[in-house]
Amino acid sequence: MDYIAGEVLYVAKPLNWTSFNLVSKVRWKLQRALKVKKLKVGHAGTLDPLATGVMIICTGKATKQIDIFQYQTKEYIATLELGATTPSFDLELPIDGTFPTEHITRTLVDEVIPRFLGEIWQVPPAYSAVKVDGKRAYDYARDGQEVELKPKLLVIDEIEILDFSLPVLKLRVVCSKGTYIRALARDIGLALGSGAHLIALERTKIGKVGLEDCWQIDDLVLNIEQLDKSESNNDVIIKE
């Protein structure tokens, strides 16, 4: 594998790692193994720290492919807790509101969920990386400032109910670039006449790349460490 010329790596992001942490770890390990001071490394599609799953990391000239991967559809498994919200609409922040759930039946869920299929307008969550006047929305939110975030037109290609056991609702979502699953959870909670936030999120696909195609980070690090022990890059195991 020629990381300097450019490689595309499929990696499973661990829980509580930021996307930046993962890229930095791979870059640092590669620079040490290849004995280079600089190496271009980037990723195609950020995941929140509390989300896990498929990330595509590109090195060298392969970073030019990042835009191609970013515009491919994404598949997620999202687990929502109904009846409660947090400011970030996930578990990063504590619950700030509780709502009734007694009226939520499987029939109501079956009626509401299809409303989110196809083109939808979505307002990003306050705790997001959207820029407003050159500053990230989450920076305003952490400072206690409210800013107006403009809705974006997105496409939900598929949305499937995998499990419903009040107060937990588990969904499979296939969507376009820029979709905030935390905002989708927020809007589903509202549509159900309640509230909701994510308690788990896993990205299972980017385009045709699935979790089964991905390196676990520890295995990838071990593989990279073999680079400076091998006489040739051909001795390194390649993840097909």
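Remarks
- Between VAL112, VAL132, VAL123, VAL173, the distinction of being closer than 22 Å to THR204 by Cα and either assigned by TED's automatic domain parsing to the domain that holds THR85 or among the basic types (Lys, Arg) (or both) belongs to VAL173 only.
- Hits in segment 61-97 - residues which are assigned to a helix (DSSP H, G or I) and either within 19 Å of CYS175 (Cα to Cα) or out of contact with any strand residue (DSSP E or B) (no Cβ under 9 Å at 6 or more places or on another chain) (or both): LYS61, ILE66, ASP67, ILE68, PHE69, GLN70
- Subset of segment 187-214 (residues that are touching a Pro at 6+ places or on another chain (Cβ under 9 Å) and surrounded by 23 or more Cβ atoms within 10 Å (Cβ to Cβ)): ALA196
- Some residue of segment 40-59 being outside the structural domain of LEU220 (by TED's automatic domain parsing), modelled with pLDDT of 95 or more and in contact with a Gly (Cβ under 6 Å, 6 or more places away or on another chain): no
- Residue in segment 194-208 that is in contact with a Phe, Trp or Tyr (Cβ under 8 Å, 6 or more places away or on another chain), modelled with pLDDT under 95, basic (Lys, Arg) and closer than 24 Å to TYR10 by Cα present: no
- Qualifying residue in segment 103-115 (condition: of a type outside the set (A, V, I, L, M) and more than 20 Å from LEU184 (Cα to Cα)): yes
For every residue, the table says whether it meets (1) in contact with an Asp or Glu (Cβ under 9 Å, 6 or more places away or on another chain); (2) surrounded by 15 or more Cβ atoms within 10 Å (Cβ to Cβ); (3) among the small types (Gly, Ala, Ser).
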| site | (1), (2), (3) |
| --- | --- |
| GLY60 | yes, yes, yes |
| GLN70 | no, yes, no |
| ALA84 | yes, yes, yes |
| PHE89 | no, yes, no |
| THR98 | no, no, no |
| ILE113 | yes, yes, no |
| ILE120 | yes, yes, no |
| GLY134 | no, no, yes |
| LEU149 | no, yes, no |
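- Segment 1-60: number of residues that are without any contact (Cβ under 8 Å) to a residue 40 or more places away in the chain and assigned to a helix (DSSP H, G or I): 8
- Scanning segment 126-158 for residues that are farther than 26 Å from VAL174 by Cα and in a helix (DSSP H, G or I) yields ASP139, TYR140, ALA141, ARG142.
The values are calculated or read from the model by the stated rules, or taken from the named source; none is laboratory data. Everything numeric here is computed off the predicted structure, so don't read it as measured data. Positions of Cβ are generated from backbone atoms using ideal geometry, with glycine treated the same way; all protein chains shown enter the neighbour counts.
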